[in-house]
Amino acid sequence: MAANAQPDYKIQLAAYEGPLDLLLDLVRKQEIDIHNIPIAKITQQYLDYLHQLEKLNVDVSADFLYMAATLIYIKSKMLLPVDPLAPPEEQDPRGELVHRLLEHEKFKNAAQMLYEKQQLEAHVWSHPDLSLYQSEGTEGELVVSLVDLVKVFQQVLERRREVAKIELSHEVVTVAQMMEQLRARLLTSEGPVSLAEFFEACPSRRSMIVALLAVLEMVKLQAVMLTQEKAFGDILLRKHKMFDLVFEGGEAMSKIDEEYL
């Protein structure tokens, strides 16, 4: 082996939920700048992983094969001269892939946050004070867990995937701005707001993820509560007793976006 040769990156044959999960793991474990991915190196490592699965007689799903083809396509495009007439956002063939990876990472972080909250509830809040979650107009309703919140989000996300839609631009909406939108809806609505309808009103999958984070933050701050009028019914967002207090002064809101920078 030459003195300047780099040691091969050792891929652990862990189970990945999808190709984006595998790619993100490759990028983060090697501390690669996600905005400047060495596409040739990552493509080779990705293909090595698929080859190792084949050796173990593990079926490779179509999603993984499609991503392999996408990586090879991006790699080939990067060998060509940059089109000077193309818009700046289209000059880097990796742009769309980077966007998808960042979006996937936000979703993973939100899922991890939910898991940690669930563990905290299980070990600390085994007998919570239900009076904290009750107010006028909520008697007889069921308090909904954060796990149910994620189920609704996943259902809406799946329906969104079934609709063929080309997103021509990626709007930039922060978590704090999304919280303000939900606050405005609750203030102008005569009753509670449907959680599913709130997610479905988002114009893109990216804004849906931001909406999920916004709901999580408002639940954590005790600005809203999740309820059902009956078992398996529509999950509703209601103003919590602390709703007005949370938004007083704007201090809590000013700190929200700092946590997601």
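Just a few scattered comments:
Yes/no matrix, rows are residues, columns are (1) small (Gly, Ala, Ser); (2) modelled with pLDDT of 70 or more:
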{"position": "84", "(1), (2)": "no, yes"}
{"position": "92", "(1), (2)": "no, yes"}
{"position": "96", "(1), (2)": "no, yes"}
{"position": "106", "(1), (2)": "no, yes"}
{"position": "110", "(1), (2)": "yes, yes"}
{"position": "118", "(1), (2)": "no, no"}
{"position": "130", "(1), (2)": "no, no"}
{"position": "140", "(1), (2)": "yes, no"}
{"position": "152", "(1), (2)": "no, yes"}
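- When residue 125 is tested against the conditions (1) of a type in the set (Phe, Trp, Tyr); (2) touching a Pro at 6+ places or on another chain (Cβ under 6 Å); (3) at pLDDT below 85, the lone failure is (2).
- Hits in region 39-81 - residues which are of a type outside the set (Asp, Glu) and assigned to a loop (DSSP other than H, G, I, E, B): 56, 57, 58, 60, 61, 79, 80, 81
- Qualifying residue in region 219-227 (condition: modelled with pLDDT under 85, over 20 Å from residue 110 (Cβ atoms) and under 22 Å from the mean Cα position of the chain (by Cα)): no
Table: residues versus (1) touching a strand residue (DSSP E or B) at 6+ places or on another chain (Cβ under 8 Å); (2) surrounded by 20 or more Cβ atoms within 10 Å (Cβ to Cβ).
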position	(1), (2)
208	no, yes
211	no, yes
214	no, yes
220	no, no
226	yes, yes
236	yes, yes
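The values are calculated or read from the model by the stated rules, or taken from the named source; none is laboratory data. Bear in mind the structure is a predicted one, so any value in this text is a computation, not a measurement. Don't worry about glycine lacking a Cβ; one is built from the backbone with ideal geometry, like all the others, and counts go over all protein chains shown.
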